[in-house]
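J.: This is the structure I want to talk about, given as structure tokens.
The values are calculated or read from the model by the stated rules, or taken from the named source; none is laboratory data. Values in this document were obtained by computation on a predicted structure and should not be read as measured data. Every residue, glycine among them, receives a Cβ derived from its backbone with ideal geometry; neighbour counts consider all protein chains shown. Heavy atoms of the whole protein, side chains included, go into the accessibility calculation; ligands, DNA and RNA do not. Shrake-Rupley method; radii C 1.70, N 1.55, O 1.52, S 1.80 Å.
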Amino acid sequence: MAKIGMDLNRFILEEERKHKSASGSFSLALTAIESASKIVSAKVSKAGLSNILGAADEVNISGDDVQKLDVLANNLMIQHLSDSGQFCAMASEELEEAIFPEKGKDGRYVIAFDPLDGSSNINVNVSIGTIFSIHKRVNGTADDLMQQGRKQVAAGYVIYGSSTMLVYTTGNGVNGFTLDPSVGMYLLSHPDMKVPEKGKIYSINEAYANKWDDKLVAYIKGYKDKGYSLRYIGSMVSDVHRTLIKGGVFAYPADKKNPDGKLRYLYEASPMAFIIENAGGASSTGAEDTLDVKPEELHQRVPVFLGSKIDVEEMVKALK
Ligand code: AHG
Ligand code: MN
Ligand code: MN
């Protein structure tokens, strides 16, 4: 296991050395995300001081109000990912269609990202984040973004909270790096993260209970009878990060109004499921493992039930 305190760049290079055929391309891809996230982190920590708070009076493809920090984070991600030359196609929550950066036309990868997750929490100083999902290029078209989550080559998130952390996996274990702003480096703080196989926390927006399926209403009541705690922050990155560390279940189910739930597959459900499964947890849409979904649309939504393996399996079984 890598040593606590190791910096992210050294860690990425050491990982690269484990793959004889590695060309360094993947390392360049990850460091582009690292650079963009450091700038977003600096902007987020000062958001209250500049006029980037407040709605950018735009609405994105999913109908969410776009906050100015969303736009800034989106532009920063696009700029750094394009400049890296490693991505032939990109999808963002903030862009209706995929984009194909000129510099990345020979790039070996495609990426989908949520530049700022938890937008509704920006101006109340609650943790928000960036989520990313990387797949291999197949034929260099937007179809390359529509791959099953199980085929991801990497997935991760950055959480801009009491400290900024970058958590990611390349399919063999999950590692968390905390940003030391005094030196501007991410340092390994959470090696080989594992989801507890059972927890005592459930995370779901109970305001929608009137629109839930009766089985879900009954199941959530069962949590209350068993003395589970409810924790719901309203930023997926924060709710998933807590679930990864403390265990339990995070759920954003379908309901009578939203038959596919709210969370988008490419840049929310799929990357988070890849992380949780690589940390020993489980993730399901209720009908199938999240990572087995074959997406058909860029901003496709899926129901999400993820977290501790035992809790998720019991819940999904009870809801069938
Ligand atoms: P985003 O800010 O990127 O649009 O994502 C918001 C999502 C997700 O972060 C969170 O889990 C969910 O919205 C909360 O939705 P509700 O407010 O309906 O609970
Ligand atoms: Mn989001
Ligand atoms: Mn977002």
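J.: Taking the stated definitions as given, is Thr31 in the same structural domain as Thr178 (by TED's automatic domain parsing) and modelled with pLDDT of 95 or more?
T.: Values: in the same structural domain as Thr178 (by TED's automatic domain parsing): yes; modelled with pLDDT of 95 or more: no.
So Thr31 fails the test.
J.: Another one. Given the options Glu197, Glu206, name the one that is among the charged types (D, E, K, R) and closer than 30 Å to Ala47 by Cβ.
T.: Glu206
Yes/no matrix, rows are residues, columns are (1) free of Cβ contacts under 8 Å to residues at least 60 places away in the same chain; (2) more than 17 Å from the chain's Cα centre (by Cα):
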{"position": "Ile201", "(1), (2)": "yes, yes"}
{"position": "Glu206", "(1), (2)": "yes, yes"}
{"position": "Trp212", "(1), (2)": "yes, yes"}
{"position": "Tyr228", "(1), (2)": "yes, yes"}
{"position": "Gly234", "(1), (2)": "no, no"}
{"position": "His241", "(1), (2)": "no, no"}
{"position": "Ile245", "(1), (2)": "yes, no"}
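J.: So, restricting to helices (runs of 4 or more DSSP H) that lie completely within region 205-320, which ones have at least 2 residues that are of a type in the set (Phe, Trp, Tyr)? If you could, list the steps in order and put the result at the bottom.
T.: Values: elements: 214-225, 236-246, 270-278, 309-319.
Result: 214-225.
J.: Only residues that are surrounded by 23 or more Cβ atoms within 10 Å (Cβ to Cβ) and not in a strand (DSSP E or B): list them for region 133-158, please.
T.: Our first condition is that a residue be surrounded by 23 or more Cβ atoms within 10 Å (Cβ to Cβ); within region 133-158, this holds for 133-135, 149, 152, 155-158.
Of everything in region 133-158, those that are surrounded by 23 or more Cβ atoms within 10 Å (Cβ to Cβ) and not in a strand (DSSP E or B) turn out to be Gly149, Gln152.
J.: If I ask for residues that are open to solvent by less than 20 Å² (accessible area, probe 1.4 Å) and either over 16 Å from the mean Cα position of the chain (by Cα) or β-branched (Val, Ile, Thr) (or both), which ones from region 286-303 would you list?
T.: Within region 286-303, Thr290, Val293, Pro295, Val302 meet the criteria.
J.: I've got another one for you. Can you pull out every residue in region 107-150 that is more than 13 Å from ligand 1 (Cβ to nearest atom), over 17 Å from the mean Cα position of the chain (by Cα) and not polar (S, T, N, Q)?
T.: Applying the first criterion (more than 13 Å from ligand 1 (Cβ to nearest atom)) to region 107-150 yields 107-111, 125, 133-150.
Narrowing the set further to residues that are over 17 Å from the mean Cα position of the chain (by Cα) leaves 107-109, 125, 136-144.
Within region 107-150, Gly107, Arg108, Tyr109, Lys136, Arg137, Val138, Gly140, Ala142, Asp143, Asp144 meet the criteria.
J.: Taking into account only those residues within region 107-132 that are in a helix (DSSP H, G or I) and touching a residue at least 40 places away in the same chain (Cβ under 8 Å), which is farthest from ligand 2 (Cβ to nearest atom)? Even if it seems obvious, please write down each step before you answer.
T.: So the first thing to find is which residues in region 107-132 are in a helix (DSSP H, G or I), and the list is 119-124.
Subset that is touching a residue at least 40 places away in the same chain (Cβ under 8 Å): 119-123.
Working: Ser119: 7, Ser120: 10, Asn121: 11, Ile122: 12, Asn123: 16 Å.
Across region 107-132, the extreme among qualifying residues is Asn123.
J.: Output the residues belonging to region 106-132 that are hydroxyl-bearing (Ser, Thr, Tyr) and either within 10 Å of ligand 3 (Cβ to nearest atom) or open to solvent by less than 10 Å² (accessible area, probe 1.4 Å) (or both).
T.: Taking region 106-132 and keeping what is hydroxyl-bearing (Ser, Thr, Tyr), we get 109, 119-120, 127, 130.
Across region 106-132, the qualifying residues are Ser119, Ser120, Thr130.
J.: When you scan region 136-153, do you find a residue that is within 16 Å of ligand 3 (Cβ to nearest atom) and in contact with a helix residue (DSSP H, G or I) (Cβ under 9 Å, 6 or more places away or on another chain), even just one? Spell out the reasoning first.
T.: Taking region 136-153 and keeping what is within 16 Å of ligand 3 (Cβ to nearest atom), we get none.
Looking through region 136-153, none of the residues is within 16 Å of ligand 3 (Cβ to nearest atom) and in contact with a helix residue (DSSP H, G or I) (Cβ under 9 Å, 6 or more places away or on another chain).
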